[in-house]
Each structure stands twice: as C-alpha cells, then as structure tokens.
Amino acid sequence: MQKIILFILTTISIACSSSQSDNVTFDDLVIYAPRAGSSVTAGFTNISNSTGETITIDAITSPQFNIVEIHETIINNGVAKMLKIEKLIIDNDESVALKPGGKHLMLIDAKKVIIEGEEINLIVELSNDQTMNLKTPAVSRFSN
Ligand SMILES: [Cu+2]
C-alpha cells in the first residue's frame with residue numbers, strides 16, 4: 001500500500017513539474033520613476049527558473065532607456081558600491097531576488113522624461129533563445 005501511495009505522489013510531482021517547464025518568471029516587478037532631474041533609476045523583481053536547465057540572462061534592453069544593467073551592491077571597507085553583473089545565472093528550480101541593497105536592475109540614461117504611471121518595457125534575452133517582454137508602470141519612490 002505504501003508503495004502505491006509513493007508511486008502516486010511521484011507521478012503527481014512529475015506532472016506538476018512538467019506543467020511548469022519552459023518557464024522563467026519575473027514576479028513582483030517594480031520599477032521606480034527616476035527622481036526629478038535624474039535619468040537613472042532602479043528596478044526590483046524575483047526571477048524564478050523552472051525550465052529544467054540552468055539559464056543565464058544574456059541581455060536586457062528597454063525602449064525607454066539607453067542602458068539596462070543588472071548590478072550588485074557590495075560593501076567594501078564600509079563603502080557601498082555597485083558592480084555590473086554581465087550574465088546573471090539562475091539554476092533550475094532556483095530563484096534570484098533583485099531587491100534593495102542587493103542585486104537590482106539599473107535603468108540608465110532615459111531617452112525622455114519618465115513620469116509616474118508611464119509604462120516601462122523590458123526585453124529580456126535568455127540563454128535558451130527565449131525572449132521575454134515585460135511591462136510595468138513606473139511607480140513613485142515615495143508612494144510606499
Ligand atoms: Cu546599480
């Protein structure tokens with residue numbers, strides 16, 4: 001009897017994982033409108049990979065910004081500085097959080113003034129040749 005239950009549980013878990021395969025998700029994407037007078041801003045999200053293989057984020061571009069980079073904030077001798085991550089690697093069934101004080105999206109050199117509520121598009125190129133189009137309205141840094 002226990003073997004049958006184990007078999008059923010295994011079958012269910014395989015079915016679940018296959019239904020989510022080929023999936024990279026960017027959850028809770030937040031992009032701030034640049035401060036007045038600035039053309040630079042940051043974005044945060046939680047990236048999950050359930051494709052069944054390790055993927056890397058090869059490039060991110062945006063129609064609204066000339067440069068989009070992934071950065072990591074590190075503290076060196078008490079001084080915070082940001083390093084560019086050329087290729088963000090996400091193992092299968094893993095998530096990477098881009099969050100304040102850690103890894104983040106850096107949106108640099110806005111092509112025009114971006115106001116709160118304006119839709120920001122991101123085009124994400126993955127190592128599995130998948131291209132993802134993300135969009136979210138720019139939010140105020142001061143609204144929460
Ligand atoms: Cu940065």
Between residue 134 and residue 91, what is the label-to-label distance in nm when each label sits 7 Å out along the Cα-to-Cβ direction? 2.2
Give the residues of the range 45-71 whose amide nitrogen is closer than 19 Å to a point set 7 Å from the Cα of residue 118 in the direction of its Cβ. 61-69
Which of the trypsin sites (Lys or Arg not before Pro) found in the range 75-126 are loop residues per DSSP with 15 or fewer other Cβ atoms within 10 Å of their Cβ? 87, 111, 112
For residue 39 and residue 99, what does the FRET efficiency come to when R0 = 30 Å and r is the distance between their Cβ atoms, rounded to the nearest 0.05? 0.85
Residue by residue, what Karplus-based ³J(HN,Hα) values in Hz, rounded to whole numbers, does the range 110-116 have, using 6.51, -1.76 and 1.60 with θ = phi - 60° and x for Gly and Pro? 4, 6, 8, 5, 10, 9, 3
At 7 Å along the Cα-to-beta-carbon direction for both residue 58 and residue 25, put a label point, then send me their distance in nm to one decimal. 2.5
Charge dipole of the range 22-137 built from unit charges on the beta carbon (Lys, Arg +1; Asp, Glu -1), centred at mean Cα; most positive-end Cα among 115, 102, 126 is 115
From the alpha carbon gyration tensor of the range 22-137, can you work out the equivalent ellipsoid semi-axes (sqrt of 5 times each eigenvalue) and give them in Å, largest to smallest? 23, 18, 12
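Computed from the coordinates by the stated procedures, all read-outs in this text should not be read as laboratory data. Keep in mind the model is a prediction, meaning the values are calculated, not measured. Note: ideal-geometry Cβ built from the backbone for every residue, glycine included; neighbour counts use all protein chains shown.
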